[in-house]
1. Divide by every residue of the chain the summed helix terms, -39500 (n - 2.57) for each DSSP H run of at least 4, and state the resulting mean residue ellipticity at 222 nm, rounded to the nearest 500 deg cm²/dmol.
2. Hey, if you put +1 on the Cβ of every Lys and Arg and -1 on every Asp and Glu Cβ in the chain, which of I111, L29, G88 ends up farthest toward the positive end of that dipole?
3. Ordered by residue, what ³J(HN,Hα) values in Hz, to whole numbers, does region 78-86 give under the Karplus form 6.51 cos²θ - 1.76 cosθ + 1.60, where θ = phi - 60° and Gly and Pro are x?
4. Return one number: the angle in degrees, 0 to 90 and rounded to the nearest 10, between the long axis of the Cα atoms of helix 45-56 and the longest principal axis of the Cα atoms of the chain.
5. Once the Cα atoms of helix 2-19 and of the chain are each reduced to a long axis, what angle between those two axes, in degrees from 0 to 90 to the nearest 10, is obtained?
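What follows draws every value from the coordinates through simple rules; no lab data is involved. The shown structure was predicted, so the numbers you read here are calculated from the model rather than taken from an experiment. Every residue, glycine among them, receives a Cβ derived from its backbone with ideal geometry; neighbour counts consider all protein chains shown.
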Amino acid sequence: MTTENKSIVQRALAGLIETGDVEVLAQFLSDDFVHHRPDSTTSTKAQWLAAVSAALAPIAGMQVEILHMLADGDHVVVHSRRWLPDAGPEIVVVDIWRIHDELIAEGWETIEPVAHAAANLVWWESDQR
């Protein structure tokens with residue numbers, strides 16, 4: 001099952017990146033898809049696709065390098081590096097996808113600008129906790 005689940009995620013992400021069309025991504029999402037952010041907010045399928053669509057224009061031409069893709073049971077984890085073609089800021093993203101009935105049913109996402117990585121390695125030393 002893990003190979004099939006990785007394939008679903010690969011096809012969904014490749015379709016979005018190659019075409020820039022959220023409808024390609026939408027066909028891989030369940031109707032009750034939920035997206036979770038680190039700040040505890042969640043989005044429905046329609047809300048998340050609208051946010052992805054709105055973000056596409058500013059990030060047109062974004063380069064994506066998949067560093068790791070791991071699957072365990074019904075979850076697929078993707079660790080990627082992303083940057084804009086004009087040498088804009090580079091980010092590292094970790095996405096966790098839960099697959100149900102051959103569709104992506106749930107997603108979690110953490111994004112970190114590479115420029116902030118060193119500071120985030122010592123967050124517990126900050127006086128601003």
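1. That comes out to -9000 deg cm²/dmol.
2. After comparing all options, I get G88.
3. In residue order, the calculated couplings are 10, 10, 9, 10, 9, 8, 8, x, 8 Hz.
4. Tilt of helix 45-56: around 60 degrees.
5. The helix 2-19 is inclined about 80 degrees to the chain.
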